[in-house]
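Below is one structure, written out as structure tokens; comments come after it.
The values are calculated or read from the model by the stated rules, or taken from the named source; none is laboratory data. Predicted model, so just to flag it, every value in this text is computed and none were measured. Cβ coordinates were reconstructed from backbone atoms using ideal geometry, including for glycine residues, and neighbour counts include every protein chain displayed. The protein model used for the area step is the full one, side chains on, heavy atoms only, and it has no ligands, DNA or RNA in it. Shrake-Rupley method; radii C 1.70, N 1.55, O 1.52, S 1.80 Å.
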Amino acid sequence: AHQQGITILEKELAQLKLPDISGDFRIRHVGKVHYGISSMDLRSFHLPHSRISLVPNVGLQVAISNAFAEVDGNWRVKIQKSRDRGSFDLKVENIYIKINLKLGSDTSGKPTIDTSDCSTRISKVRVHFSGKFGWLYNLFHDAVESRFRKILENKVCTNVVSSVHSELQPYLQTLPVTARIDAMAGIDYSLVAPPTATAQALDAYLKGEFFSLAHRSAVPFPPLPLAFPPDHDRMVYFAASSYFFNTAGFAYHAAGALVFEITDSMIPKDVEFHLTTSTFSAFVPQLEKMYPDMPMKLRLSTLSAPFLSIGPGGLSLKPVVDVQAYAILPNSTLAPLFLLTLVSNVSAVIDIKSSHIVGSLNVGRMKLSLKHSDVGTFQVRTLQSIMNILASSILLPRLNARLEQGFPLPLLDRIQLSNVLVRFHQ
């Protein structure tokens, strides 16, 4: 950022427009001398030495030293009845520029940046004049130098302020406040407080909250405090608490997205059973009598959003899923058969790809219990193997395909992450 910013500033300063200068001074035994400098052209402005540093509780400070600029133009002078004109080359050396940048946030939660202080100091000006009155150089230089310095110093800081507003501020505003994920949900990445500068780092506190696009409601649990590890060997650290992931579950549950229906057509061809009452009658004897040889449908839903926890070992959740089984009658209506409750241990793997958080789920042991039956009692544990197959071959691949698409991280334009390391903390 420092290198790019200095390159832009160097180009901006090289385009400074310098005003004409004119004035009078008196020389003993000669009289009044009237001079004018015009058509000043700033050929170049070089910033060879610069550094950027953090100013705690303020923001950033850019310090530029030993900068130099080259100017050429025309001069004219009138002494009594004599006139002369010519050209000059001017080199401004040992320019020191100090810029303080204050970071903040606006009402929409986007970052803002402003110049809280700017100062320019020029310690050396060298001028070469051409023309027959070149002997006036020393006197001429003294009269012009102070005015030229003041003009250039003011121009530099005016240009810096303008560049911050026209270049840096719009760039910071590219940080996404919200990101649309799909047709159902988005993420709120607005700043909850202005960025904070410390001696080692610049911290930005983002909301990190999923929300339903159809109806945004208050999240029924508070965000958790976040602390960064003490090391500073990488350029960027993102920390996401379980609040971030759990608001995703809350938003998708509120949007009705955590409802899955499984029919026979969805079962992979390499799985040797069909989702029919004939198959299930081996476990639920009454099915063959009540609904002989009919297709079935399973409807999986959660009564509440799944709650995820994070520990040193990774991410885990224990969702409670209702499995309602139906028989599909010849007229296409549904006849309820039984309602199971399924509890499972699920672990999640998180990674970063193309600046997106991606993930995959692994299902551990599942526990089934009968919540209600319209077809009499039966041994629920006998359905365990079928539910394992349905979860591993249908439900899990669909969930993981969505998680593989990922969720975007809040990044400014043209920034890409590399050498990403994902770690888990309590």
Give me the one-decimal nm value for the distance between modelled label points at Ala63 and Val192, 7 Å along each residue's Cα-to-Cβ direction. 3.5
So how tilted is helix 396-405 from the main axis of the chain? Cα-based, degrees 0 to 90, rounded to 10. 10
Within the stretch 270-293, whose backbone N sits under 14 Å from a point 7 Å along Cα→Cβ of Asn331? none
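So how do His232, His356 rank on accessible area, 1.4 Å probe, biggest first, that is with the largest at the start?
On the way: His232 110, His356 60 Å².
Of His232, His356, the descending order of accessible area is His232, His356.
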Over 23 Å between Cα atoms: which of Lys11/Lys98; Lys11/Lys155; Lys124/Lys155; Lys81/Lys124; Lys124/Lys150 fall into that group? Lys81/Lys124
Which lysines, on any chain, are close to Lys289 with Cα under 17 Å apart, when same-chain ones fewer than 8 places away are left out? none
For the residue pair Ser265 and Ser146, what label-to-label distance in nm results when each label sits 7 Å from Cα along the Cα-to-beta-carbon direction? 9.0
Please give the residues of the stretch 208-231, grouped as numeric ranges, whose backbone N is less than 16 Å from a label point set 7 Å along the Cα-to-Cβ vector of Ala179. 208-212
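Would you calculate the convex hull of the Cα atoms in the stretch 1-40 and tell me its volume per residue in Å³?
Numbers: hull volume 3.4 nm³, N = 40.
It comes to 84 Å³ per residue, whole-number rounded.
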Measure nothing but the geometry: give the 0 to 90° angle between the long axis through the Cα atoms of 2-13 and the longest principal axis through the Cα atoms of the chain, rounded to 10°. 40
Pull out the extension gain between Ile389 and Arg121, defined as 0.36 nm times the separation in residues minus the alpha carbon to alpha carbon distance; nm, one decimal. 88.9 nm
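Please report the relative contact order for the stretch 1-173, taking Cα pairs under 8 Å with a sequence separation of at least 6, and give it as a percent rounded to a whole number. All intermediate terms of the calculation are to be shown ahead of the outcome.
Details: 332 pairs, mean separation 31.6, N = 173.
Relative contact order here is 18 percent.
Compactness ratio of the stretch 278-426: Cα Rg over 2.2 N^0.38 Å, N = residue count? Numbers along the way, then the final one.
On the way: Rg = 19.9 Å, N = 149, 2.2 N^0.38 = 14.7 Å.
Its radius of gyration relative to the 2.2 N^0.38 Å reference: 1.35.
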Just want to confirm a number: the relative contact order over the chain, from Cα pairs under 8 angstrom separated by 6+ residues, in percent. 9
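Rounded to the nearest 0.05, what FRET efficiency do Ser130 and Ile8 give with R0 = 41 Å and r taken as the Cβ-Cβ distance? Could you check? Each step should come with its number before you reach the end.
Numbers: r = 35 Å, r/R0 = 0.85.
My answer for the efficiency is 0.75.
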Order by accessible surface, 1.4 Å probe, largest leading, for residues Met184, Met366 comes to Met184, Met366
I'd like to check one number: the per residue accessible area of the stretch 178-408, probe 1.4 Å, reported in Å² as a whole number. 54
In a solvent-free Debye calculation with one equal scatterer on each Cα, what is log10 I(q)/I(0) for the stretch 1-173 at q = 0.18 Å⁻¹, listed in the order of the q values? -1.07
Whole-percent carbon and sulfur contribution to the accessible surface of the chain (1.4 Å, no ligands, DNA or RNA) stands at 53
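Say R0 is 30 Å: what FRET efficiency, to the nearest 0.05, do Lys17 and Ile52 get from their beta-carbon distance? Intermediate results must be reported in sequence, preceding the final value.
Numbers: r = 27 Å, r/R0 = 0.91.
Working from the Cβ atoms, E equals 0.65.
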To check my understanding: the extent here is largest minus smallest coordinate of the Cα atoms along each principal axis. What are those three numbers for the chain, in Å, largest first? 129, 44, 36
Take Lys289, project a point 7 Å from its Cα along the Cβ direction, then tell me which residues of the stretch 362-381 have their backbone nitrogen under 20 Å from it. 372-380
What spacing in nm lies between the two simple spin-label points modelled at Arg28 and Met366, each 7 Å away from Cα in the Cβ direction? 10.6
Using Cα pairs under 8 angstrom and six or more residues apart, how large is the relative contact order of the stretch 218-354, in percent? 18
